[in-house]
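Asker: Sending over a structure as C-alpha cells; questions will come in a sec.
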Amino acid sequence: MRNETPLVSSYRTETHASSTPLSMPITSWAEEDRPREKMLLKGKSALSDAELIAILIGSGTVGMDAIGLAEQILKSVDGNLSELGRRSLKDFMKFKGIGEAKAITIAAALEVGRRRQFSDMMRRDSITCSRDVYDAILPQLIDLPNEEFWILMLNRANHIISRHRVSIGGVSGVIVDAKMVFRPAIEALASSIILIHNHPSGNLKPSQRDIELTRKLRKAGEALDITVADHVIVSHSGYYSFADEGMI
C-alpha cells in the first residue's frame with residue numbers, strides 16, 4: 001500500500017511589517033503590503049494562502065482585517081487547502097464577517113481549483129500503475145464527504161476510454177450493482193476496468209465488504225471477458241491498491 005499525501009498548498013502566513021499593524025485597514029498599508037497591489041507588483045506566487053483568500057473576502061470585520069480573517073479560516077483546517085475545499089457554506093459562515101456572499105466566493109474559488117486539477121489529470125490517458133489511477137481520479141473524489149464508486153474503462157493498450165460514476169453512497173458506504181458496473185464497460189467495448197471508490201474518513205484499509213465486492217465483480221468480469229485489473233481505494237491521505245497488495 002502506498003500512502004502518499006496529495007499535494008496541497010502549505011499554510012503560509014507572512015508577518016506584516018511593524019509599520020503595518022493588523023488593526024489598520026488595508027487601504028492605509030504600504031502599497032507593497034496590500035494583497036491586490038502585491039499581486040500586481042510581485043505576481044500571484046508571491047502571495048501567501050491567507051493573502052489570496054483575503055482578496056476573495058475583500059474586507060474583514062470590526063477589529064480584524066481581511067487577512068486576519070483569512071488566517072483564522074486557514075487555522076481551522078491547519079492550513080490544509082484540500083481540507084478547506086471539503087468545508088460547506090455553513091462552515092464558512094460560522095466565522096464572524098463571513099456572510100453568504102463571501103462564503104460562496106470562497107467555495108467557488110476552491111471548486112475552480114479542484115476542476116483545474118481534474119482537467120490536468122484528464123490528459124493522462126494511459127494507465128501503467130496504481131499511481132496513475134490515483135492521479136486520474138483523485139480530483140474527482142478528494143473533497144467528497146460521502147462515498148462514491150467509479151470505474152475507469154480501458155482499451156487493450158491500457159488507455160482510458162472513459163471515467164464513469166457507478167453510484168453515490170453515504171458517509172460510510174455505497175451500494176454497488178454489478179449490472180451497473182459492467183453495462184457502461186460493455187457499451188464502451190472496454191477490454192478491462194479498474195474499480196475505484198473513496199473513503200472520506202481517510203482510512204485506507206479495505207473492509208470485508210470491499211474485499212467481497214471485488215471478488216464478486218472480478219468473477220463477473222471473467223464471464224464477460226472484461227478484466228477487473230485493480231480496485232483502488234482513495235482518500236486525502238493516499239490510496240490502497242488491491243493489485244499492489246496481491247488482493248486481486
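Asker: Can you name every one of the helices (runs of 4 or more DSSP H) wholly within segment 37-131 that holds 2 or more residues which are of a type in the set (A, V, I, L, M)? Before the answer, list the steps.
Answerer: Details: elements: 49-57, 66-75, 81-84, 89-92, 100-122.
Result: 49-57, 66-75, 81-84, 100-122.
Asker: Right, another one. May I ask you to verify whether Leu138 is touching a Phe, Trp or Tyr at 6+ places or on another chain (Cβ under 9 Å) and modelled with pLDDT under 90? Break it down into steps so the answer makes sense when it comes.
Answerer: On the way: touching a Phe, Trp or Tyr at 6+ places or on another chain (Cβ under 9 Å): yes; modelled with pLDDT under 90: yes.
Yes; evaluated as a whole, the condition is true for this residue.
Asker: If Ile104 meets every condition in (1) touching a residue at least 24 places away in the same chain (Cβ under 8 Å); (2) surrounded by fewer than 16 Cβ atoms within 10 Å (Cβ to Cβ) apart from one, which number is that one?
Answerer: Every listed condition holds for Ile104 apart from (1).
Asker: Then there is this: Please determine whether any residue of segment 121-135 is at pLDDT 90 or above, over 30 Å from Gly63 (Cβ atoms), touching a Leu at 6+ places or on another chain (Cβ under 8 Å) and among the aromatic types (Phe, Trp, Tyr).
Answerer: Taking segment 121-135 as the starting set, the residues that turn out to be at pLDDT 90 or above are 127-134.
Next cut, over 30 Å from Gly63 (Cβ atoms) only: 127-134.
Remaining after also requiring touching a Leu at 6+ places or on another chain (Cβ under 8 Å): 127, 133.
Among the residues that remain, those that are also among the aromatic types (Phe, Trp, Tyr) are: none.
Looking through segment 121-135, none of the residues is at pLDDT 90 or above, over 30 Å from Gly63 (Cβ atoms), touching a Leu at 6+ places or on another chain (Cβ under 8 Å) and among the aromatic types (Phe, Trp, Tyr).
Asker: Residues Ala190, Ala223, Ala185: which one is over 24 Å from Asp135 (Cα atoms) and modelled with pLDDT of 95 or more?
Answerer: Values: Ala190 fails: over 24 Å from Asp135 (Cα atoms); Ala185 fails: over 24 Å from Asp135 (Cα atoms).
The unique qualifying residue is Ala223.
The values are calculated or read from the model by the stated rules, or taken from the named source; none is laboratory data. On a predicted model such as this, the values are computed, not experimentally measured, just so you know. Neighbour counts run over all protein chains shown; Cβ positions are idealised from the backbone, glycine included.
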